[in-house]
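Beneath this line is the structure, given in structure tokens, with notes to follow.
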Amino acid sequence: MKHWYKALGFLLILYTLVWGLLNPVPRLDILNETIRNVYYHVPIWFAMLFMMGWSFVCSIRSLASDSVDFDNKAYHSAFVGFFFSLPGLATGSLWAKFTWGTWWTFQDPKLNGVAISILIYLAYFILRFSVEDEQKRARISAVYNIFAFIMMNVFIMILPRLTDSLHPGNGGNPAFGKYDLDNNMRMVFYPAVIGWILFSYWLYELRYRISVINNKVNE
Amino acid sequence: MITSLIKKEFQLEFRQKSTLGGVLVYVIGTIFVSALCFKGKLDKPTWNALFWVISLFTSVTISGKSFVKETGGQALFSYLYYNPRHFILAKTLYNMVFMLALSLVTFFFYGFFIKNEVENLPLFLMVLCLASSGLAGILSLMSAIAGKAGGSFAMMSILSFPVLMPLILVIIRLSKQAVDGIEWAGVSADLMVILLALNVLSVALSFLLFPYLWRD
């Protein structure tokens, strides 16, 4: 059955939405009840990174096989990834307001990294819109996507580990995995990650299939 | 093959004295305007940031034209005659040399008009070298992409500013240490390694990806 992953993703997200609000969480200073945001904020970023990674893979395959179809896939997965960055930012901003006392701060390299990643993908979309010829657009945008994805990873994976960060797990702050994330929370956090990734893949499939149908209709 | 390509680039550059002079006037003009705005005296963090912002804009402006010449008959000739990998390596090497010379000129005039604040000069010059080669490495490929997408200057800046950010942040942090006059033992080795790695990475990626842009 090819629909199993959609049902699984839907059920997992439903479960984490409900049980994430009900289950017992550790009592920590400052964080208090906002620690439940771990179930929503972090998995959404994982889903975004998954989609960007998939877009990167599609771009490489598009160059390797000289195929417009893979380029189309790369575009739609990047678009879904970009879409996921917006709720990721919103939940993060809300969380920052309650724990760090501000909506946005330049003290944190991860926030800067996210802002730059959004700019990178906006540039990718603008580049695609500015080239008319399909074959040419496929090659140019695949080259830019590969280069940009690698630079984005330098920014959000390597640089934050070098400097002070307010996020857990960077710059000497303990990671959630160390002692904050107890077994109760793991029971929600891991299903949430899987659920959101499956859901993002579902969205991407929908967009991709719609675009294929549109192309056929236009022809 | 690569040496003859680089030679061709230099000959073209020096034959058109107007562009070379234009770049110099652009740099000096920008620096003079900034000096007037700040009345020639800046504190160290601002001195550092302003210097790199000026360098960033200058390098994007001059490398944007690197592939604009490659259109029409010229592009067809290069396509038939040269190996794409040699071609991008030559462009990158040429841009590296040109960018280094230009940033030294920028540094000279910047220090002339706005009081020079650098305390660890050898470290600053080292960062300047690595920064120009890193900028040239990334911008050569970006200019090739922008050239294929119509070659407008707006496209060049839209494409290159976000991907330059990791490089610029590393450069600014390292150069801040040079401006503050930190001893060699205290200089962040991690940042230096990342700066070198970004240099190697950008050249390697251009080398791998450029042949795909080349076909038209």
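Here is how the numbers come out for the structure above:
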read-out	value
Protection proxy ranking, peptides A:9-18, A:75-84, A:185-194, B:143-152, average beta carbon neighbours within 10 Å, highest first	A:75-84, B:143-152, A:185-194, A:9-18
Under 20 Å from B:Lys41, Cα to Cα: lysines that are on another chain or at least 8 residues apart	B:Lys115, B:Lys176
Sequence of A:Trp104, A:Trp4, A:Trp95 once ranked by neighbouring C-beta atoms within 10 Å, starting from the fewest	A:Trp4, A:Trp104, A:Trp95
Residue-averaged [θ]222 nm for chain B, counting only DSSP H segments that reach four residues, each worth -39500 (n - 2.57)	-29000 deg cm²/dmol
Of the DSSP H helices in chain B, those whose Cα atoms cover at least 15 Å axially and whose Kyte score averages 0.0 or more	B:17-38, B:44-64, B:84-113, B:121-148, B:153-179, B:189-214
Calculated [θ] (222 nm, deg cm²/dmol) that DSSP helices of n ≥ 4 give over chain A, each run adding -39,500 (n - 2.57)	-26000 deg cm²/dmol
Angle between chain A longest axis and helix A:68-99 axis [Cα atoms, degrees, rounded to 10]	20
Entries of B:Lys8/B:Lys91; A:Lys2/A:Lys216; B:Lys91/B:Lys148; A:Lys73/B:Lys148 with Cα pairs more than 20 Å apart	A:Lys2/A:Lys216; A:Lys73/B:Lys148
Cα centroid separation, the stretch A:98-136 to the stretch B:53-105 (Å)	27
Folded to 0 to 90 degrees: helix A:183-218 orientation relative to chain A principal axis, Cα	20
Semi-axes of the equivalent ellipsoid for the protein assembly as shown, Cα gyration tensor, largest first, Å	41, 32, 16
With Cα atoms, 0 to 90° folded angle of helix A:4-22 axis to chain A main axis	20
Exercise: per-residue mean of other protein chain Cβ atoms within 10 Å, B:156-169	6
Positive dipole terminus of the protein assembly as shown, leading residue within A:Val143, B:Ser59, A:Ile35 (C-beta point charges)	A:Val143
Global geometry of chain A, whether rounded, prolate or oblate, following the gyration tensor of its Cα atoms and the 1.5 cut on a/c	oblate
Prolate/oblate/rounded call for the stretch B:1-101, Cα gyration tensor, a/c under 1.5 rounded	prolate
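Any read-out appearing in this document is the output of simple, stated calculations on the displayed coordinates, not a laboratory observation. In this text, all values refer to a predicted model and were calculated from it rather than measured experimentally. So basically every Cβ, Gly included, is an ideal-geometry build from the backbone, and we count neighbours across all protein chains shown.
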